[in-house]
Every structure is written in C-alpha cells, then in structure tokens.
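Colleague: Quick one: the structure is below, and I'll ask about it shortly.
Just so it is clear, none of the values below were taken in a lab; they were calculated from the coordinates. The structure presented is a predicted model; accordingly, all values stated were derived computationally and were not measured. Glycine gets a Cβ as well: all are built from the backbone with ideal geometry, and neighbour counts include every protein chain shown.
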Amino acid sequence: MARVFNFSAGPAALPLEVLEQAKADIPDWAGTGMSVMELSHRSKEFIAVAEQAEADLRELLEVPDDYAVLFQQGGATQQFALLPMNLAAPGQSVDQLVTGAWSKKAAKQAAAVRPVNIVASGEASHFTDVPPRESWQLDGRSAYFHYCPNETIHGLEIHEPPEVDGATLVADMSSTILSRPIDVSRFGVIYAGAQKNIGPAGIGIMIIRRDLLASSQADLPDILRYAAHADAGSMLNTPPTFAWYMAGLVFAWLKRQGGLAAMAQINRRKAESLYAAIDASDFYSNPVNPAWRSWMNVPFTLARPELDGEFLAEATAAGLTNLKGHRSVGGMRASIYNAVPEAAVTALIDFMRDFERRHG
Ligand SMILES: *Cc1c(COP(=O)(O)O)cnc(C)c1O
C-alpha cells in the first residue's frame, strides 16, 4: 500500500483507521446487507449513527447542555450569510474582526445581509499579525462578534477566545476545531466545515447556545432557519448521510487517541518542531508573529522562490504531498491537522533540511 503523507489544507487527510473501517463497512454495514449510503436517514440504524456522532462530539468538546449541536449542509461559507440572517434583526449590525482571508470573506458575505462593523483588520500587516486589542472598535449594540480563530490560508491562529465586552462570540473554527480542548461556554456559536479536521466535505457542525436559537429571526424559510433545523434534529431534509457517518468514525477515533487533551499535546509538538526547523534555517521562513502562529496550517517560503517548483516536485516524489501554498500567499503550506501523524512532520523536516543542504 502506498499511502502518502498528505499536507492538504482541505479536503484534508483522514485517519487511515477510519478509511479502513469505512471500506470494511461499505458492502454490508451493521448487518443491514447494504452500505450506510443506501438506506433512509430516518431508519433506526442511521438515527443511531447520527445520535452517537452527536454524543461523541459533545463528549470530546464537553459541550454544555444549554447548547444545541447541528449537522449542516452548505459548508462554512453558507454560515457567513445565515449567521446574520438568523441572529441579527433587520438594521442591526454585526461586529467582525478581520485577521485573514476567511474572516475577510465572512465580512463581505455578512454585509450583503446586515451592516458589518469591521472591529479591526490585520490586512496592513498582510495578515501576519493581529491588531492590538486596545485598537478594536466594537459597536456595542451589534448582534454578535464574529471572528476566525484559525486563518487557514495565512496560518494565523488566535489561541484564546478574545475578550469582547460581553458581546456574543461567534467563531468560524473550520480549521482548528477538535485540535485541542476549548471552553464552549465562552461562545454563542461555534461552527466548522468538516473537510479539515472532522471528515469528508459536505457536512459541517454548529454548536449554538439554545437562547440564540430561540431568538433567531422567525421570518426565514425553514431551510435557512437554525431553529427549524434544531427542531428537526438536523433532518429537515435529507442530510449527507455518508459524511455524517464518516464524521462519527472520526469522533470515535479521536476518543481512542485519548480525546482532545491528548490531541493538543501531539498537535503542539508537531507545530513547535516544524516552526523550530523553519526558524533555525536561513533558507525557510514564516512571516507570522510567533504569538499568533497556527498549530494547524504552517505557511513557509523559500529564500529562493525560483526553487518552489523543484521543492514541490521532489517533495511529492518523496511521498510528501499537497504542500503548495495558497495562491494569495505563495510559497508552501503544510497543513498538519489531527489526522496528519507526527511521523509526517518529522519526514517533512528531514526533507526540508536535505533540500536546503543541496540547494541552499
Ligand atoms: C475551508 C474554510 C472555510 C470554507 O469552507 P467551505 O466548506 O468551503 O464553505 C471557511 N472558513 C475557514 C476558516 C476555512 O478553513
């Protein structure tokens, strides 16, 4: 078998154990004589999968009882529009902190729905730094404060929930959820697309405080209204059943790894060793203020960008794939999500040292 070390930013690597389980399950899942893709989402077999996935997610993140968990379609991008539709009254503004490409995109989409107050923007630093807290201009009457704790493209992570004067915190955790324990009670809403740290593309999760659900705008069609999805147990219409099942397998895998405290230790070690290797070299560099460096997405550039193509070709030949940086940032990006093992990071560091020795 020729599995590679896959550093894709998303859709991203999945744990091999999960893939093997899915493969074994496909022809005859749970004694049904069919795959999980081929039976009703309302069957008792599928309902059991859906409920177990939610229970495991609640256990992993220690989600308090006054929060609902939704499994959603449309990706994180859809939430950029649905959040203001549901949680802000007509004319009411929303606060947005801009720290990279994803929060900038979220601000633009929300602005098509409600007025957006840009609290602060790190764009002048090319999103290598977070504007100091003293400079943030909160609206004070906005419906919520939206931010992106981990900017997948720029490799910038806000490691602790910010202090926002009692505003309701709403976080796009697409590329950091489940990388470490978090205090859910600090947030009004946490949401994430699945394809980075949860499972295959096509599903997302939302953890939302029930009082926000109850106060969500009533005049929306059900398909756009969070409360309607919550009332229907995320089965208002046919959910992406296979993706939901796969997410459940990943949650069970995370529990077997020791849960999020254990994952946090591994993730911290992976990130620290990669940044240490980059910082120790004159050939590689990462521009992000060390206080804000992401544990999950590590962009880096080569001192001689004309070697980018050769670096990527040699890395791929060595079984280290999908290292090309986002076109807006250039250079390389190693996404080192939960499913990327420490051995992958070690192999990458060895490859980088060898490449530098030969070309630096
Ligand atoms: C990938 C990503 C998104 C977009 O997710 P889609 O499922 O493509 O809508 C949004 N926010 C962040 C932080 C991401 O990493």
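Colleague: Rounded to the nearest 5, what is the percent of antiparallel bridges among the DSSP beta bridges in region 72-226?
Modeller: 40 percent
Colleague: Related question: With a point put 7 Å past each Cα toward its Cβ, work out how far Asp279 is from Asp25 in nm, to one decimal.
Modeller: Here the answer is 4.1 nm between the modelled labels.
Colleague: Non-local amide H neighbours of Gln72 (under 5 Å, H modeled in plane, Pro and chain starts lacking H): which ones?
Modeller: Residues meeting the amide H criterion: Gly204, Ile205, Met206.
Colleague: Under a point-charge model restricted to the Cβ atoms of Lys and Arg (+1) and Asp and Glu (-1), what is the dipole moment magnitude of the chain relative to its Cα centre, in debye to the nearest 20?
Modeller: 400 debye
Colleague: Skipping prolines and chain starts, which residues have an amide H placed within reach, meaning under 5 Å, of the one on Tyr144, given they are 5 or more residues away or on another chain?
Modeller: Amide H to amide H, under 5 Å and 5 or more residues apart or across chains, Tyr144 pairs with Asp95.
Colleague: Could you tell me which trypsin sites (Lys or Arg not before Pro) in region 282-360 are loop residues by DSSP with no more than 15 other beta carbons within 10 angstrom of their beta carbon?
Modeller: Here the trypsin sites (Lys or Arg not before Pro) that fit, given the DSSP loop and packing criteria, are Arg327.
Colleague: Checking understanding here: applying a Kyte-Doolittle mean of at least -0.5 and a length along the axis of at least 20 Å (C-alpha), which whole DSSP H helices in the chain pass?
Modeller: On the way: long enough: 44-61 (26 Å, 0.04); 241-256 (23 Å, 0.76); 259-279 (30 Å, 0.00); 342-359 (25 Å, -0.33).
In the chain, the long hydrophobic H runs are 44-61, 241-256, 259-279, 342-359.
Colleague: Further question on the same structure: Of the peptides 72-84, 275-287, how do they stack up when ordered by the mean number of other Cβ atoms within 10 Å, highest first?
Modeller: So the order, starting with the most tightly packed, is 72-84, 275-287.
Colleague: Hey, another quick one. Using alpha-carbon pairs under 8 Å, 6+ residues apart, how would you state the relative contact order of the chain in percent?
Modeller: On the way: 659 pairs, mean separation 82.1, N = 360.
The normalised contact order for the chain reaches 23 percent.
Colleague: Sticking with this one: Lysine pairs in the chain with Cα distance under 26 Å, only those 8 or more apart or on different chains: how many are there?
Modeller: 14
Colleague: Please sort by residue number the GluC sites (Glu not before Pro) in region 133-216 whose DSSP state is loop and whose Cβ has at most 15 other Cβ atoms within 10 Å.
Modeller: The qualifying sites are Glu163.
Colleague: When only Cα pairs under 8 Å and 6 or more residues apart are kept, what is the percent relative contact order across region 212-326?
Modeller: Dividing the mean separation by the residue count of region 212-326 yields 12 percent.
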